[in-house]
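The values are calculated or read from the model by the stated rules, or taken from the named source; none is laboratory data. Only a predicted model underlies this, so the values are computations on that prediction, with no experimental measurement involved. Virtual Cβ from ideal backbone geometry, glycine too; neighbours counted across all protein chains shown.
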């Protein structure tokens, strides 16, 4: 892990990519599934806020090994969460009317 600042930037970048893709899909297909997209966007924002809170409040501040493992788990949760959001967006886009 490079730094906490970089981790926060990664969180913002990846979540905003999910949100951006949702908006692109809704602009291309304006009549399709706006409620599902809105729910996906709001869950992504909640996920981002949760991750930022976790980054700002690490466990075991006195032990560097615990802190490093904690930030690795946050990074892993970020990647798996964003992957799930993209899978949900793909499922929404794959559904027919």
Original post:
Just wondering, is there one or more residues in the stretch 64-72 that are modelled with pLDDT of 95 or more, part of a helix (DSSP H, G or I) and under 21 Å from residue 4 (Cβ atoms)?
Top reply: no
Original post:
Which condition number in (1) modelled with pLDDT under 90; (2) in a helix (DSSP H, G or I) is the one that residue 91 fails?
Top reply: (1)
Subject >> Scope the stretch 64-76; condition touching a helix residue (DSSP H, G or I) at 6+ places or on another chain (Cβ under 7 Å) and farther than 15 Å from residue 12 by Cβ; matching residues >> reply: 71
Original post:
What do you reckon, is residue 77 surrounded by fewer than 16 Cβ atoms within 10 Å (Cβ to Cβ) and within 11 Å of the chain's Cα centre (by Cα)?
Top reply: yes
Subject >> Any pair with Cβ under 7 angstrom, 6 or more apart, that starts in the stretch 8-24 at a residue that is touching a residue at least 12 places away in the same chain (Cβ under 8 Å) and at negative phi and ends at one that is outside any helix (DSSP H, G or I) and surrounded by 12 or more Cβ atoms within 10 Å (Cβ to Cβ) >> reply: none
Subject >> Test: residue 8 is part of a loop (DSSP other than H, G, I, E, B) and either touching a helix residue (DSSP H, G or I) at 6+ places or on another chain (Cβ under 9 Å) or surrounded by fewer than 12 Cβ atoms within 10 Å (Cβ to Cβ) (or both) >> reply: no
**OP:** Could you list, in sequence order, all residues of the stretch 11-63 that are assigned to a loop (DSSP other than H, G, I, E, B) and either in contact with a helix residue (DSSP H, G or I) (Cβ under 6 Å, 6 or more places away or on another chain) or loosely packed, with under 15 Cβ neighbours inside 10 Å (or both)?
**Re:** 29, 30, 31, 33, 57, 58, 59, 60, 61, 62, 63
